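The values are calculated or read from the model by the stated rules, or taken from the named source; none is laboratory data. Keep in mind the model is a prediction, meaning the values are calculated, not measured. Every residue, glycine as well, gets a Cβ built from its backbone with ideal geometry; the counts of neighbours run over all protein chains shown. SASA here: full protein model, heavy atoms, side chains in, ligands and nucleic acids out. Shrake-Rupley method; radii C 1.70, N 1.55, O 1.52, S 1.80 Å.
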Amino acid sequence: NLIGGNGGPGVLIEGPNATGNKVNNSIIGTDENGTPGLGNGGDGVKVQDAPDNVIGEPIGGGLQNVIAGNSGNGIAIEGPGAHHNGMLGNLIGVIQRDGLLIKLGNQLNGIFIKDAASNIMGSLSALGGNTVSGNGLNGILLSGSQATGNTIKQNLIGAGDTAGSTGFGNLHN
């Protein structure tokens with residue numbers, strides 16, 4: 001899927017009955033060449049008060065997402081009903097071409113969690129980690145008193161290559 005140029009979020013998953021959805025193998029906010037200017041007017045992917053959804057897949061499964069160049073956050077998970085969502089193996093704020101990462105940040109945060117609990121960014125395996133780099137604010141921002149019990153594991157945050165040895169950074173971290 002190529003998802004770009006929308007006035008709001010590229011993908012919106014909303015409400016308590018929007019559960020068990022998977023967003024994978026998609027290019028959200030650009031195209032396969034990393035062309036800027038195709039970003040969505042809001043977040044790349046927004047999950048609002050919806051539980052148990054998965055964005056991406058562990059690396060090697062062929063179903064990772066590229067979420068870059070959007071006017072909002074790359075991924076936003078918001079509201080107390082947005083719990084137990086997973087974000088795995090995504091390229092957020094960068095694209096990959098010929099084995100190299102190219103910066104194409106989202107204007108706000110790479111991943112933004114607000115008042116949402118028990119979500120997972122990455123996994124116990126490095127293959128499940130996200131690459132979150134080149135974004136306008138933070139790589140990952142957790143906000144609000146209900147943003148508890150979230151797990152951040154095996155991600156490359158601020159990395160400019162897949163080994164994490166060089167970086168583009170995110171503006172604030």
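Relative to the Cα centre, what is the charge dipole magnitude of the chain, using +1 at the beta carbon of each Lys and Arg, -1 at the beta carbon of each Asp and Glu, and rounding to the nearest 20 debye?
Dipole size: approximately 200 debye.
Quote the charge dipole size of the stretch 3-55 about the Cα centre in Debye, to the nearest 20; the model charges only the Cβ of Lys and Arg (+1) and of Asp and Glu (-1).
Dipole magnitude for the stretch 3-55 comes out near 20 debye.
What's the whole-number percent of alpha carbon pairs in the stretch 70-171 lying beyond 16 angstrom? Before the final figure, lay out each step's value.
Details: 2717 of 5151 pairs.
Everything past 16 Å amounts to 53 percent.
Net charge around V66, counting only other residues with Cβ within less than 12 Å of its Cβ (Lys, Arg = +1; Asp, Glu = -1)?
Details: positive: R97; negative: D31, E32.
Summing Lys and Arg as +1 and Asp and Glu as -1 gives -1.
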Of all DSSP beta bridges in the chain, antiparallel share, percent nearest 5: 10 percent
Where the only charges are on Cβ atoms (+1 Lys, Arg; -1 Asp, Glu), what is the dipole of the stretch 8-92 about its Cα centre, to the nearest 20 debye? 60 debye
Show me the ranking of peptides 71-77, 55-61, 141-147 by mean Cβ neighbours inside 10 Å, starting with the highest. 71-77, 55-61, 141-147
According to a simple spin-label model (label point 7 Å from Cα along Cα-to-Cβ), what is the distance in nm between L171 and Q154? 3.2 nm
On the protein heavy atoms, probe 1.4 angstrom, tell me the percent of accessible surface of the chain carried by carbon and sulfur. 52 percent
Go through S71, L88, S125 and say which Cα lies farthest out towards the positive end of the charge dipole of the chain; charges sit on Cβ, +1 for Lys and Arg, -1 for Asp and Glu. S125
Just want to confirm a number: the relative contact order over the chain, from Cα pairs under 8 angstrom separated by 6+ residues, in percent. 18 percent
As straight-line cross-link partners of K46, the qualifying aspartates and glutamates (C-alpha separation under 12 Å, not fewer than 8 residues apart within one chain) are E14, E78
For a paramagnetic label modelled at 7 Å from the Cα of A126 toward its Cβ, which residues of the stretch 74-104 fall within the zone defined by backbone nitrogen distances under 12 Å? none
With a Förster distance of 25 angstrom and the Cβ-Cβ distance between Q146 and E32, calculated FRET efficiency to the nearest 0.05 equals 0.10
